[in-house]
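A quick write-up on the structure given underneath.
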Amino acid sequence: MARTTLTALALTALHQTALARTTLSTLAKAVLRLVALARTALHQTALDLTALRLTALRLTALRLNALAQTALAALALAGLTRTALTTLALAALHQTARCLAALTRTTLTARATLGLAVLRLTGLPLAP
């Protein structure tokens, strides 16, 4: 009888250990899923911020171009000389070039930020 009781207790302990391992495994899987979701959210946020920055710069470039075109049309209507129109056109082109340079810098910065986010998501070590 004592041997049967000890065997039953040992089997119960083994069963409880197996249940505990299963519970820990399930918890570990849930934590890994949460980490994956957090990484995906971080990645999507980085993409959204990059798109917003690029859209804002594109709108600025379009606004500058429209202002330059409006100024040139107004000056042409006012009958300014060809030299004055050329000078104003060059100034408008200069502003457009500056805006495009800012757009390029922001694009490169966004790509670098996205690259860092991808490195963080993949868990690869960053260079010191």
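Take the conditions within 21 Å of the chain's Cα centre (by Cα), surrounded by 10 or more Cβ atoms within 10 Å (Cβ to Cβ), under 30 Å from T107 (Cα atoms) and free of Cβ contacts under 8 Å to residues at least 60 places away in the same chain and apply them to Q69. Does it pass?
No.
A78 versus (1) within 30 Å of L37 (Cβ to Cβ); (2) among the small types (G, A, S); (3) modelled with pLDDT under 75: which is the lone unmet condition?
Only one criterion in (1) within 30 Å of L37 (Cβ to Cβ); (2) among the small types (G, A, S); (3) modelled with pLDDT under 75 is unmet by A78, namely (1).
Can you pull out the residues in the range 12-61 that are small (G, A, S) and farther than 25 Å from T107 by Cα?
A13, A18, A20, S25, A28, A30, A36
To keep it simple, each residue is scored yes or no on (1) at pLDDT 75 or above; (2) of a type in the set (A, V, I, L, M, F, W, C).
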site: L88; (1), (2): no, yes
site: A92; (1), (2): yes, yes
site: T96; (1), (2): yes, no
site: A102; (1), (2): yes, yes
site: A110; (1), (2): no, yes
site: L114; (1), (2): no, yes
site: T122; (1), (2): no, no
site: L126; (1), (2): no, yes
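The values are calculated or read from the model by the stated rules, or taken from the named source; none is laboratory data. Predicted, not measured: the structure shown is a model, and the values here were computed from it. A quick note on method: Cβ atoms are made from the backbone with ideal geometry, for glycine too, and the neighbour counts reach across all protein chains shown.
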